[in-house]
Amino acid sequence: MCSNDSPSVKPDGTTDAAELAATYEEFLLDIEEQPLPSYRTDEMRVRIEEVRATLAAEGAASAGQLQQLLRTVTEALADVQAAQVVPVPEDRNLTNAVPGATGTGAAYEVTETEQAKATNVLINLLFTVVETPTWEDWGRYDERAARDDDERTVHDDGAGDDGEHAARDNAGDDAGAANESDAPADDTDTEATTDFGVTGYAGPE
């Protein structure tokens, strides 16, 4: 597996489960090629296969599976970083090597090239674990999508209310205009010019 390879990320930020499962299958082969103590390799193989199988079958892994794999890979990376860097050794057997535990097994030695390559593989595996979706992630996504739908519904209802209010306001304006047209004409001027038959009256003779 190329050290620059990364899982396919969709436009919505999620990662394709089928491609992730294939990526984990490639990591199984990569781990076998690294100069790791056998017990580290065995444990990672089990953890990687668990995640790969769950992804292939269900499209997501459990948070517990990913946490266990993350712990195992982190410990293996610490072993590689703490290993004694030596020239290419002869007849090396890492089966009983216990990094960091002096006197309990064979010395854990790696060459500079081996250390760099193993570090690269393990770091890529760590990033892949972090990008792997869980059912909890999908749950949060579903809740967020439902919340967005609710907000859109409320917004649409509000727009309808605004339209209804506007219609009522327009109806009120029309009614007001109609009332004004039906009202009697202002007779102020008429009263001012009407003499009620007494024009020119000068009083009793």
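Got the relative contact order for the range 30-89 handy, in percent, Cα pairs under 8 Å and 6 or more residues apart? Don't skip to the end; give the middle numbers.
On the way: 23 pairs, mean separation 20.2, N = 60.
After rounding, I find 34 percent.
Could you grab the Rg to Rh ratio for the range 17-133? Cα atoms only, Kirkwood for Rh.
Working: Rg = 14.8 Å, Rh = 14.7 Å.
Here the Rg-to-Rh quotient is 1.01.
What is the order of Arg40, Arg92, fewest Cβ neighbours within 10 Å to most? Intermediate results must be reported in sequence, preceding the final value.
Values: Arg40 22, Arg92 16.
In increasing order of surrounding Cβ atoms, one gets Arg92, Arg40.
Every number in this text was worked out from the coordinates using simple rules, so none of it is lab data. It should be emphasised that the depicted structure is a prediction, and the values quoted were computed from it without experimental measurement. Every residue, glycine among them, receives a Cβ derived from its backbone with ideal geometry; neighbour counts consider all protein chains shown.
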